[in-house]
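Everything on this sheet refers to the single structure shown next.
The values are calculated or read from the model by the stated rules, or taken from the named source; none is laboratory data. The model shown is predicted, which means the values in this text are computed figures rather than measured ones. Note that we place each Cβ from the backbone using ideal geometry, even for glycine, and neighbour counts take in every protein chain shown. Surface areas here come from the heavy atoms of the whole protein model, side chains and all, with no ligands, DNA or RNA. Shrake-Rupley method; radii C 1.70, N 1.55, O 1.52, S 1.80 Å.
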Amino acid sequence: MSSNRQWILTRRPVGDIRDGDLVLRPDRVPKAGKGEVVVRTEWLSLDPTNRLWMSDVPQYMPPVELGAPMRGVILGKVVDSGSDAFEVGGFVMGIGSWSDYSVSPAAMLSPVPDIPGIARKDVFGQFTVVAPTAYFGLLDIGAPKIGETLVVSGAAGAVGCIAVQLGKAWGCKVVGIAGGKDKCDWVKNELGADAVIDYKQEDIQQRLKALLPEGIDIYFDNVGGDTLNTALAQMNLFGRIIQCGMISSYNNEGSYDVPQNYPMILMNRLRVQGFIVTDYAARFPEAFRALTKLYVEGRLKWRQHEIDGLEQADQAVRLLYTGGNTGKLMVKVADLG
Ligand code: NDP
């Protein structure tokens with residue numbers, strides 16, 4: 001292929017992403033400048049944070065500029081390199097764009113780790129972002145002890161499903177919160193959660209009280225909003241809240257609901273900590289080893305929700321904010337063998 005297609009951010013979404021916020025445009029295949037690498041995309045990861053990157057709100061990275069290619073996490077093959085660190089023909093993953101071909105600073109890319117028994121696309125889908133997020137969030141911030149109670153919101157999602165399984169592997173009593181019967185059945189019957197709450201059908205507050213009369217020691221928060229507020233009221237003394245994500249607010253233009261139960265942080269001496277998985281980049285090999293061991297032992301499962309074709313990306317990303325995805329959402333851009 002000698003031509004390129006790029007999704008360009010033409011307008012900042014107001015509320016939900018709408019047609020025309022992103023436009024697919026033809027372009028030339030870029031050339032690598034000094035310190036840059038051009039990657040032919042094989043898979044594009046779609047992530048809840050994409051909506052934040054489209055907005056000009058305070059966040060952990062600069063927003064995507066209007067008129068620029070949409071930023072995305074990619075897996076692909078190096079086709080041109082201005083960096084000694086990457087040779088043409090090698091597979092890499094990291095930050096690129098929603099394009100057939102991306103140009104990235106070498107520092108934003110890393111080789112795809114060779115994990116025996118796990119296909120490249122699964123290594124990409126699980127090990128680039130989501131599994132290390134669950135691992136470091138739960139291990140370092142949650143600091144779980146055997147017999148403690150753990151509640152995971154977004155429990156059927158990419159990060160959440162790993163957090164549920166790590167919680168069980170590390171000896172916790174785990175309650176997942178997810179939307180819909182199919183997802184809830186999967187979390188309980190396949191992932192091994194002790195109980196699950198369907199937040200679309202059930203009252204979270206009442207169900208948490210019934211399921212965990214002993215209270216919550218650790219809350220792994222993927223959603224923020226009302227669910228966070230409810231969990232805050234039921235946290236135990238010296239409980240920990242892992243502030244991983246707030247997907248319920250990402251379409252609100254940076255306007256976040258402040259939990260009414262915020263004072264419980266003081267009353268119950270809670271530790272609440274946000275984090276971004278890249279904070280742990282230097283420790284990724286540790287996560288890969290631990291997660292691979294669990295996978296080989298049959299104690300780690302995941303789902304990937306795969307969409308075919310770069311042209312589908314702007315419709316597909318919307319699934320994340322309606323719960324339409326079942327597992328790690330990824331777009332297949334090209335078949336690179
Ligand atoms: P998921 O695979 O979990 O997909 C998003 C899911 O969020 C949906 O399927 C839906 O599940 C749920 N959801 C959407 N809207 C709402 C809502 N209003 N209330 C409750 N649940 C909702 O995505 P990820 O696993 O990739 O991400 C999960 C969270 O983790 C996000 O908040 C994300 O920003 C965060 N994250 C943080 C990282 C970090 O470094 N801190 C890294 C990666 C992700 P359902 O059908 O159950 O409602």
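Name the single residue that is nearest to LEU294 (Cα to Cα) among those in the range 171-182 being surrounded by fewer than 18 Cβ atoms within 10 Å (Cβ to Cβ) and either touching a residue at least 60 places away in the same chain (Cβ under 8 Å) or within 9 Å of the ligand (Cβ to nearest atom) (or both). Among those that are surrounded by fewer than 18 Cβ atoms within 10 Å (Cβ to Cβ) and either touching a residue at least 60 places away in the same chain (Cβ under 8 Å) or within 9 Å of the ligand (Cβ to nearest atom) (or both), it is ASP182.
Per the listing VAL78, VAL39, VAL29, the residue uniquely surrounded by fewer than 17 Cβ atoms within 10 Å (Cβ to Cβ), among the hydrophobic types (A, V, I, L, M, F, W, C) and farther than 30 Å from GLU253 by Cβ is VAL29. Scanning the range 273-318 for residues that are farther than 20 Å from VAL130 by Cα and hydrophobic (A, V, I, L, M, F, W, C) returns a single hit, LEU310. Of all residues in the range 256-281, those that are outside any loop (DSSP other than H, G, I, E, B), open to solvent by less than 100 Å² (accessible area, probe 1.4 Å) and within 16 Å of the ligand (Cβ to nearest atom) total 7. ARG51 falls short on exactly one of the conditions (1) modelled with pLDDT under 95; (2) open to solvent by less than 10 Å² (accessible area, probe 1.4 Å); (3) of a type outside the set (A, V, I, L, M, F, W, C), and that condition is (1).
Out of the residues in the range 299-337 that are part of a helix (DSSP H, G or I) and away from the ligand (no atom under 16 Å from the Cβ), which is nearest to ASP16 (Cα to Cα)? Checking each candidate, the answer is ASP314.
Yes or no, residue by residue, for (1) more than 19 Å from the chain's Cα centre (by Cα); (2) of a type in the set (A, V, I, L, M):
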residue: ARG28; (1), (2): yes, no
residue: LYS31; (1), (2): yes, no
residue: PRO62; (1), (2): no, no
residue: GLU65; (1), (2): yes, no
residue: ALA68; (1), (2): yes, yes
residue: LYS77; (1), (2): yes, no
residue: GLY82; (1), (2): yes, no
residue: SER97; (1), (2): no, no
residue: TYR101; (1), (2): yes, no
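Please work out if ASP221 is open to solvent by less than 30 Å² (accessible area, probe 1.4 Å), more than 26 Å from VAL129 (Cβ to Cβ) and near the ligand (Cβ under 9 Å from one of its atoms). Against the criterion (open to solvent by less than 30 Å² (accessible area, probe 1.4 Å), more than 26 Å from VAL129 (Cβ to Cβ) and near the ligand (Cβ under 9 Å from one of its atoms)), ASP221 does not qualify. Remark: pairs (first residue in the range 242-262, touching a residue at least 60 places away in the same chain (Cβ under 8 Å); second residue open to solvent by less than 50 Å² (accessible area, probe 1.4 Å) and more than 11 Å from the ligand (Cβ to nearest atom); Cβ separation under 6 Å; 6+ apart in sequence or on different chains) = ILE242/GLY142; ASN251/GLY15; GLY254/VAL57. Restrict the check to the range 204-217 and report whether at least one residue is buried (at least 19 other Cβ atoms within 10 Å of the Cβ) and part of a loop (DSSP other than H, G, I, E, B). Yes; the residues of the range 204-217 include at least one that is buried (at least 19 other Cβ atoms within 10 Å of the Cβ) and part of a loop (DSSP other than H, G, I, E, B).
Residue-by-condition table, conditions (1) within 16 Å of the ligand (Cβ to nearest atom); (2) buried (at least 22 other Cβ atoms within 10 Å of the Cβ); (3) under 24 Å from SER248 (Cα atoms):
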| position | (1), (2), (3) |
| --- | --- |
| SER153 | yes, yes, yes |
| ALA169 | no, no, no |
| CYS184 | yes, yes, yes |
| ALA195 | yes, no, yes |
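Here's the yes/no breakdown for (1) in contact with a helix residue (DSSP H, G or I) (Cβ under 8 Å, 6 or more places away or on another chain); (2) closer than 18 Å to GLY323 by Cα; (3) of a type in the set (Gly, Ala, Ser):
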| site | (1), (2), (3) |
| --- | --- |
| ILE204 | yes, yes, no |
| ASP226 | yes, yes, no |
| ASN229 | no, no, no |
| MET235 | yes, no, no |
| ARG240 | yes, no, no |
| GLN260 | yes, no, no |
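Tell me which of these GLU253 doesn't satisfy, since it passes every other one: (1) among the charged types (D, E, K, R); (2) modelled with pLDDT of 95 or more; (3) within 16 Å of the ligand (Cβ to nearest atom); (4) outside the structural domain of GLN59 (by TED's automatic domain parsing). Single failed check for GLU253: (2).
Within the range 114-151, the set of residues being away from the ligand (no atom under 15 Å from the Cβ), of a type in the set (Val, Ile, Thr) and out of contact with any Ser or Thr (no Cβ under 9 Å at 6 or more places or on another chain) comprises VAL123, ILE146, THR149. When we screen PRO63, PRO105 for residues that are open to solvent by 50 Å² or more (accessible area, probe 1.4 Å), more than 14 Å from SER45 (Cα to Cα) and modelled with pLDDT of 95 or more, the only hit is PRO105. Would you mind telling me which numbered condition in (1) surrounded by fewer than 17 Cβ atoms within 10 Å (Cβ to Cβ); (2) over 22 Å from the mean Cα position of the chain (by Cα); (3) in contact (Cβ under 8 Å) with a residue 12 or more places away in the chain GLY20 fails? It fails just one condition, (3).
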